[in-house]
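> Would you mind keeping the following structure in view while I ask a few things?
Just so it is clear, none of the values below were taken in a lab; they were calculated from the coordinates. Only a predicted model underlies this, so the values are computations on that prediction, with no experimental measurement involved.
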Amino acid sequence: NLSDQIAQMLRASLVSGQMVPGITYSVPALAEEFGVSAMPVREAMLNLVQQGLMTPVRNKGFRVVELSPKELDDIMQLRLMLEVPTTVAVSKEMTERTMRDLRRIAKDIARHAKTGALVDYIESDRRFHQTLVALAGNPRLEELIDDLRSRSRLTGLDALVKHGDLSASAKEHVDMLDAISAGETQ
């Protein structure tokens with residue numbers, strides 16, 4: 001639906017650094033920018049509040065949640081605890097078709113990294129990891145990991161683009177698939 005589409009666009013703006021902490025974003029201004037009524041924008045913003053990405057500012061709008069270094073470290077620790085064992089477990093049962101699909105997505109990630117298309121990079125990266133985690137067959141795990149990934153992506157990616165390091169980050173996806181193909185998952 002429309003509010004989900006707007007939430008996805010807003011999430012991409014958050015992660016890419018286009019929306020920054022400290023600025024209050026008003027629903028009417030965003031609605032005008034998207035060319036829609038205020039209702040789907042408000043619903044999208046409230047969805048992002050539930051995900052811990054935005055916080056409401058009474059009678060003014062919404063602000064991006066700013067993570068402290070400790071909060072970011074905590075999230076990354078949780079991601080490692082969940083994603084790594086899940087990836088190891090599903091890699092043992094990965095089909096050729098899934099591997100082809102993941103390699104195609106990894107190529108998309110690399111292409112977006114090379115061109116500096118951060119929003120497209122983020123969406124392809126998200127699709128790659130969702131595809132991988134979905135192989136575990138645990139929707140709650142998928143949701144939790146996706147939430148942690150979204151929260152941890154609120155900082156840093158725009159700096160990778162500015163410093164030209166996004167391609168190195170993209171290569172990690174190919175390296176991971178190569179390790180899985182070679183049976184090097186321990």
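> List, in order, the whole-Hz ³J(HN,Hα) value for each residue of segment 32-43 obtained from phi through the Karplus relation with A = 6.51, B = -1.76, C = 1.60 and θ = phi - 60°; use x for Gly and Pro.
Once rounded to whole Hz, the list reads 5, 4, 7, x, 10, 6, 5, 4, x, 5, 4, 4.
> Taking a cut-off of 17 Å, what percent of all Cα-Cα pairs in segment 32-86 are separated by more than that?
Working: 815 of 1485 pairs.
Counting every Cα pair in segment 32-86, those more than 17 Å apart make up 55 percent.
> Ok, one more. Any chance you could list the semi-axes, whole Å, largest first, of the equivalent ellipsoid that the Cα gyration tensor gives for the chain, using √(5λ)?
31, 17, 16
> Please express the shape of segment 1-46 as an equivalent ellipsoid: the semi-axes are the square roots of 5 times the eigenvalues of the C-alpha gyration tensor, given largest first in whole angstrom.
16, 12, 8
> Continuing with this model, one more query. Would you calculate a helix-derived [θ] at 222 nm for the chain, using -39,500 (n - 2.57) for each DSSP H run of n ≥ 4 and dividing by the full residue count, to the nearest 500?
Mean residue ellipticity at 222 nm (helix-derived): -23500 deg cm²/dmol.
> Next question. How far, in nm, would the chain grow between Val174 and Lys114 when pulled straight, counting 0.36 nm per residue and subtracting the alpha carbon separation? Intermediate values should be presented prior to the final figure.
Details: separation 60, 0.36 × 60 = 21.60 nm, distance 1.44 nm.
Going from the current span to full extension adds 20.2 nm.
> Something else: In percent, what relative contact order does the chain have, based on Cα pairs under 8 Å that are 6 or more apart in sequence?
26 percent
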